[in-house]
Amino acid sequence: MRKLLGEIIFHVFSNTIALYAASSLVVGFTFSGDFIAMLTAAAILTAINLLVKPILKLFFGPLILLTFGLFSIVINALTLGILDFFSSPLTIQGYIPLLYGTLIVTAVNLAIALSGRWIYKE
């Protein structure tokens, strides 16, 4: 139970950094809130990734296989779109900022996850 809670906290931290990076680098991907609002949005994104994303991957599994995994970018964009719908400080203005924001959030989360596994090898 403690390991699961630690992983959730790690994902919230990772999503906070990823959302900050996307809002800083992508025009049209804006976050108008303080640090607490950013943490709240990251917690909502973590909940979406833990609860909704597996269902989307199960539903769109054949498309993921047919595109050799590239359809996962669309699923990640859907999760950010859901976050945009539920989080008022986050505003994504169009599909291009959504795509760029998705790529940045995915890259930052991947880099943080890989560095965390490298540092804390079991």
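No lab work stands behind these numbers, since they all come straight from the coordinates. Model, not experiment: these values are computed from the prediction. A quick note on method: Cβ atoms are made from the backbone with ideal geometry, for glycine too, and the neighbour counts reach across all protein chains shown.
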How would you classify region 2-110 from its alpha-carbon gyration tensor, with a ≥ b ≥ c the square roots of the eigenvalues: rounded for a/c under 1.5, else prolate if a/b is greater than b/c, otherwise oblate? oblate
Over the chain, calculate the relative contact order: mean separation of alpha carbon pairs under 8 Å at least 6 apart, over the residue count, as a percent. 36
For the pair Ile96 and Asn49, how long in nm is the line joining their label points, each one 7 Å along Cα→Cβ? 2.7
Prolate/oblate/rounded call for region 52-120, Cα gyration tensor, a/c under 1.5 rounded: oblate
So if I take the centroid of the Cα atoms in region 62-122 and the same for region 1-37, what is the distance between those two points in Å? 12
Helix by helix, which DSSP H runs in the chain go 20 Å or more along their axis at the Cα atoms and have an average Kyte-Doolittle hydropathy of 1.6 or more? 35-51, 71-86
About the Cα centre of the chain, what is the dipole size in debye to 20, counting +1 per Lys and Arg Cβ and -1 per Asp and Glu Cβ, all else neutral? 340
Separation of the Leu110 and Ser24 label points, Cα + 7 Å toward Cβ, nm: 2.0
